[in-house]
1. Any residue at all in segment 251-258 that's surrounded by 18 or more Cβ atoms within 10 Å (Cβ to Cβ), within 20 Å of Thr316 (Cβ to Cβ), in the same structural domain as Ala46 (by TED's automatic domain parsing) and not acidic (Asp, Glu)?
2. Conditions first: (1) closer than 27 Å to Asp239 by Cα; (2) touching a residue at least 40 places away in the same chain (Cβ under 8 Å); (3) not in a helix (DSSP H, G or I). Tyr317 passes all but one, so which condition is the exception?
3. Farther than 24 Å from Gly349 by Cβ, touching a residue at least 12 places away in the same chain (Cβ under 8 Å), surrounded by 15 or more Cβ atoms within 10 Å (Cβ to Cβ) and assigned by TED's automatic domain parsing to the domain that holds Ile233 - does that describe any residue in segment 289-307?
4. Out of the residues in segment 22-49 meeting the condition of being buried (at least 17 other Cβ atoms within 10 Å of the Cβ) and not in a strand (DSSP E or B), tell me which one is farthest from the chain's Cα centre (by Cα).
5. Mind listing whichever residues of segment 13-68 are at pLDDT 90 or above, within 19 Å of Gly308 (Cβ to Cβ) and of a type in the set (Asp, Glu)?
6. Just name the residue that is surrounded by the most Cβ atoms within 10 Å (Cβ to Cβ) out of those in segment 331-350 that are modelled with pLDDT under 95 and closer than 17 Å to Glu191 by Cα.
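The values are calculated or read from the model by the stated rules, or taken from the named source; none is laboratory data. Because the structure is a prediction, the values reported are computed rather than measured. Here the Cβ positions follow ideal geometry from the backbone for every residue, glycine too, while neighbour counts run over all protein chains shown.
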Amino acid sequence: MSFLDSFFKKEEKSVLGVDIGSSSLKVVQLRKEKGQAVLETYGELALGPYGGSEVGQATNLSPEQITETLKDLLREAKVTTKNCGVSIPFARSLLTLVTLPYRKDPVEQKTVINLEARKYIPVPVNEVQLDWFIVPEAEPAQFAEAESENTVAAKKDTVDVLLVAVHNDELSSLQKIVAGAGLTASFYEIEIFSTIRAVIEEQMKTAMVIDVGAASTKTYIIEHGVVALSHSISVGSQDITRAISVSGNVSIAQAEAMKKEEGMSGAGALGSPELVFSRIFSEARRVLMQYETAHKKSVTSIVLTGGGGITKELNTYAKSIFSIDVRVADPFVKTGAPAFMRPVLEEIGPEFAVAVGLALRKLEEV
């Protein structure tokens, strides 16, 4: 084997997660070493300056502009692999949980789901890529010992199914960006599933993820590792930055820095972050209580993620609102990295949950 053969064989072990968000691009490069995911490099570039707006603000750039930004990011982060998985924005997808007739035969069940899905997709089915997941039943331990899972399943008349649809135009746009940046993507995944993979540790317990993005906040109830409920709140981290800017009479750039450095305790911000977060958490709490009441189940924990999740002291404030365990996402804990980097990775973790989740899935292909 020549040196070049050895080099390229080694390089193929590296994979990349590419998160194309509304306000920034994030990449995380991992490799598999002795069965563990090892962090090689990561990076982030704000999209605002490329579109004539400020850092941290949501943008609406063309695929060509995003391609150029991604190429800059790959160069700055010193990415060495072209093999990647890419995120699909939650806002550009459709997720809906439906109850459909149950069929014991998997082939029949698939046919039923594909036919029934047409009723819930607001556009012609041939214009979207459709996927679906059957929501697992309660743990087998809750069933009577005398009854096998097959016996219980045979008694069912219906099954809960999570329908997932992405418009072909959105996929085409992402494919154009990826190809233009010189990357090769083996899959495109809605960001919610990448986040779950990166931040949910105990799949069997019911948890809520509060993903504070730039333009909006997404809340997900996760049960058995599957999305049981999703809800969007039209307030995001850019609103927090604007509130700090106005109340502190500082620029957007200064306000963005204050959000990360002073956060909820920032005296100069005159309490403005708390005003915005109180709206977000109030709505999230309503969704949580509504779910618990309707399903007669308890949500055991809350995970804070997204760009807004890096707001200093946010965890402490959130714990004062919710009466259950609250933690800030630390997706890099699932990767090997030098100890001296841990404090930094823990601090920026919420922003990189999607990119880490994508890279972890990509590693499974290696």
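1. Looking through segment 251-258, at least one residue is surrounded by 18 or more Cβ atoms within 10 Å (Cβ to Cβ), within 20 Å of Thr316 (Cβ to Cβ), in the same structural domain as Ala46 (by TED's automatic domain parsing) and not acidic (Asp, Glu).
2. Only one criterion in (1) closer than 27 Å to Asp239 by Cα; (2) touching a residue at least 40 places away in the same chain (Cβ under 8 Å); (3) not in a helix (DSSP H, G or I) is unmet by Tyr317, namely (3).
3. Yes, the conditions are met somewhere in segment 289-307.
4. Of everything passing the filter in segment 22-49, Gly48 is farthest from the chain's Cα centre (by Cα).
5. Hits for segment 13-68 are Asp19, Glu44.
6. Pro350
Yes/no matrix, rows are residues, columns are (1) surrounded by 21 or more Cβ atoms within 10 Å (Cβ to Cβ); (2) under 13 Å from the mean Cα position of the chain (by Cα); (3) among the charged types (D, E, K, R); (4) more than 21 Å from Phe332 (Cβ to Cβ):
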| site | (1), (2), (3), (4) |
| --- | --- |
| Gly182 | no, no, no, yes |
| Ser186 | no, no, no, yes |
| Glu191 | yes, yes, yes, no |
| Glu202 | no, no, yes, no |
| Met208 | yes, yes, no, yes |
| His224 | no, no, no, yes |
